[in-house]
Structure formats: C-alpha cells, structure tokens
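The values are calculated or read from the model by the stated rules, or taken from the named source; none is laboratory data. All figures in this text were calculated on a predicted structure; none of them were measured in a lab. In this analysis, Cβ positions are derived from the backbone assuming ideal geometry, glycine residues included, and neighbour counts consider all displayed protein chains. Ligands, DNA and RNA are excluded from the accessible area calculation, which covers all protein heavy atoms including side chains. Shrake-Rupley method; radii C 1.70, N 1.55, O 1.52, S 1.80 Å.
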Amino acid sequence: MIKQAREIPIIVEQEYNVPVSVLWVAITNLDHMKGWFFDNIPAFEPEVGFQTSFPVHLDERTFTHQWSIIKVVHLKKITYHWSYSEYEGEGLVTFELFDDGNKSSLRLTNVGLETFPDDIPEFSRESAENGWDYFIKQNLKKYLETSLP
C-alpha cells in the first residue's frame, strides 16, 4: 500500500509576481539557478541533450545529481531526466510555466520517486515534497522578489 502512495506524482504549484519571461530566466540561467536552487551547478543550458552532474552532500551521504534535459518549450516547459550516480532509480522533473500578464505561475511535477531506494530517508515522499516546497515555494519565490526585476 505504501508503494502505491509513492507512485503518485509530486506536484508543487506557485504563483509569482513576475512576468513569465523573468521566471524562465530564473529557472534556466545558470547564474540565477545558483541563487535559489543549487549553488554548485557547474553548467546549465536549456537545450535538449544537455547534461550536467554535481554532488550534494547531506550528513554522511553524497547525492551526485545527474541531469539530462529531455524537453524544452521556450517560456513554457523544461523537463529533466534526474538520477544519482550513487543510487539506483531515475525520475523526471518538469517545470511548466503559465503566463498571466505581469504575473506567472509554475507547476513542478516529479515522477519516478518509487524507483529510488526505500531505505534512504532523502528518497521518502515526505522528504521530496518538503524539498520541492522549499525550492519552489520559498527559495525561488524569495529570489524572484528580491533579486530579479
């Protein structure tokens, strides 16, 4: 029963007081991504086929993020294939942007969580939901309000 609950996609939605063009820059420009997402991303290009890898250290564990961009629709959507070199499993993370004039909104959808090891706390549904809430509803929102026009 728990396994089925984990197979439900994680969806996080947030509205921002910036135009969609500004939101797009924040989620696809390396310098801006370092301001709200991961500060050690070595490179990023919003292009299909682009790949990057970087470590994130939590307590005594390392999670080497491996991203490959599989879909890009300028100002509307970007999808990552997401895995870790130390652990089995793979997921997809999609950022969808919606234009509302001088405002915009983002819907993040994360699927594949159930493919990662059950015995690693960071791969629990609660941890993933809390992490995406932190990045999308707190960090990105604050970054857009304080660092971008």
Original post:
On the accessible surface of the chain, probed at 1.4 Å, how many percent belong to carbon and sulfur atoms?
Top reply: 50
Original post:
Using a Förster distance of 30 Å, how high is the FRET efficiency between E7 and F98, based on the Cβ-Cβ distance and rounded to 0.05?
Top reply: 0.70
**OP:** Determine the dipole magnitude for the chain: charges of +1 sit on the beta-carbon of Lys and Arg, -1 on that of Asp and Glu, nothing else is charged, the reference point is the Cα centre, and the result goes in debye to the nearest 20.
**Re:** 480
Subject >> Karplus-derived HN-Hα couplings along segment 72-86 (A = 6.51, B = -1.76, C = 1.60, θ = phi - 60°), whole Hz, x at Gly and Pro >> reply: 9, 10, 3, 6, 10, 7, 9, 10, 9, 8, 10, 8, 10, 5, 8
Original post:
Just the accessible area per residue of the chain, please: how many Å² with a 1.4 Å probe?
Top reply: 54
Subject >> Residue-span extension gain [R125 to Q138] - 0.36 nm each, minus C-alpha spacing >> reply: 2.8 nm
Original post:
Okay, which of segment 85-120 sit inside 19 Å, backbone N to the point 7 Å along the Cα-Cβ direction of H57?
Top reply: 85-87
Original post:
So who's got an amide H within less than 5 Å of the one on V18, skipping anything under 5 residues away but keeping other chains? H placed 1.01 Å off N, in plane.
Top reply: S104
Original post:
Can you give me the relative contact order of the chain as a percent, contacts being Cα pairs under 8 Å and 6 or more apart?
Top reply: 28
Subject >> Ellipticity estimate at 222 nm from DSSP helix runs (n ≥ 4, -39,500 (n - 2.57)) divided over the chain, nearest 500 >> reply: -6000 deg cm²/dmol
